[in-house]
Amino acid sequence: MSYVQNINEKSYCVNEYGVLRKVILCEPKHMTIRDVINDTQKHFKDVGIHIEKAMEQHKHFAQVLRDNNIDVILLPPAKKFPEQVFTRDIGFTLGHTIFVADMANNIRRGEEQILKDWLKGEEVSYYNIIGDQIEGGDVIIDGGTIYVGISDRTNEAAIAHLTRLLPSFNIITVPFQNKYLHLDCIFNILSPSEALIYPGVIDKKKEELIASRYELIEVTKEEQFTLGTNVLSIGNKKVISLPVNKNVNNELRKRGYEVIEVDITEIIKSGGSFRCCSMPLVREK
């Protein structure tokens, strides 16, 4: 489907690398490490998050998206939701359908309603996966294949539910070590033939399967901590990445990617980077 056909679509997404046209963000206005819910937060708990700096960095990120002809929607930030900046997790677009499920962690429950209120207001249809926990950080799409991480945030019952709803898709479950929070913290597809991976933490057979399908660009331990896999592809081999992840950026450039470096190091203290901070609504095929 071309962009000409797609331009009036309210939701459409079948991969992680098509030209991004519309995306949902949320400013980190109330971002704080209130309750430690991942290893990154544990590391930065005593340092804390500088809200003004985080807001400035997020504003720059949003502007970079707009400069690349992407329509940016900002959800209203709520004081009771310190993790709301990570919009990827509250819903995900597969084909023409937006799926919204229950958030797994108590500190995030209720964020779903803000998304649903916006979708209703814009008359965008969605499917509510009631009673099951599945977060968008664990869902990685590549055409007819969907990789879904089994984590503390996404359970097997939810994956079984998704499988029943999407019989035409090949859904591959990907178990990994829970300390890495979401699948996109250790694996991210860049193109039909290339992907980023932090090796050795995904189930061995599933990692071998992924390696048979993609040329894998390995991320070091140091750059996994600074979320080197969690880049955002915006189409035409353009990727938004952190300046600190020099090895990842160099490897991408070697392969012909245009790397747009944006500093959101204040935001990643809470455990998510560019992919986590963006929920695509419309991508070209």
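The values are calculated or read from the model by the stated rules, or taken from the named source; none is laboratory data. Predicted, not measured: the structure shown is a model, and the values here were computed from it. Cβ atoms come from the backbone with ideal geometry, glycine included; neighbour counts cover every protein chain shown. Calculation scope for accessible area: heavy atoms of the full protein, side chains included, ligands and nucleic acids excluded. Shrake-Rupley method; radii C 1.70, N 1.55, O 1.52, S 1.80 Å.
Distance from the Cα centroid of segment 253-275 to that of segment 167-213 is 19 Å (rounded to whole angstrom). For the pair GLU215 and LYS237, a Förster radius of 22 Å applied to the C-beta separation gives a FRET efficiency near 0.95, rounded to the nearest 0.05.
Based on DSSP H segments of at least four residues, each scored -39500 (n - 2.57), the chain has a per-residue ellipticity at 222 nm of -7000 deg cm²/dmol.
Taking each residue as 0.36 nm, the span from LYS204 to LYS59 lengthens on full extension beyond its C-alpha to C-alpha distance by 48.3 nm.
Taken about its Cα centre, the chain carries a charge dipole of roughly 140 debye when the Cβ of each Lys and Arg holds +1 and the Cβ of each Asp and Glu holds -1.
Nonpolar atom fraction for the chain, defined as the carbon and sulfur part of the 1.4 Å probe accessible area, stands at 47 percent. Residues whose amide H lies under 5 Å from that of LEU232, counting only those 5 or more places away or on a different chain, are ILE240, ARG275; hydrogens are built 1.01 Å from N in the peptide plane.
The lysines within cross-link reach of LYS285, meaning a Cα-to-Cα straight distance under 23 Å and a gap of 8 or more places when in the same chain, are LYS10, LYS22, LYS237, LYS238. Rolling a 1.4 angstrom probe over the protein heavy atoms with all chains in place gives segment 20-283 an accessible area of 41 Å² per residue. Plainly put, segment 219-285 has a radius of gyration that is 0.96 times its Kirkwood radius, both from alpha-carbon atoms, as the Rg/Rh ratio. When peptides 80-92, 189-201 are sorted by average Cβ neighbour count within 10 Å, with the highest value leading, the order is 80-92, 189-201.
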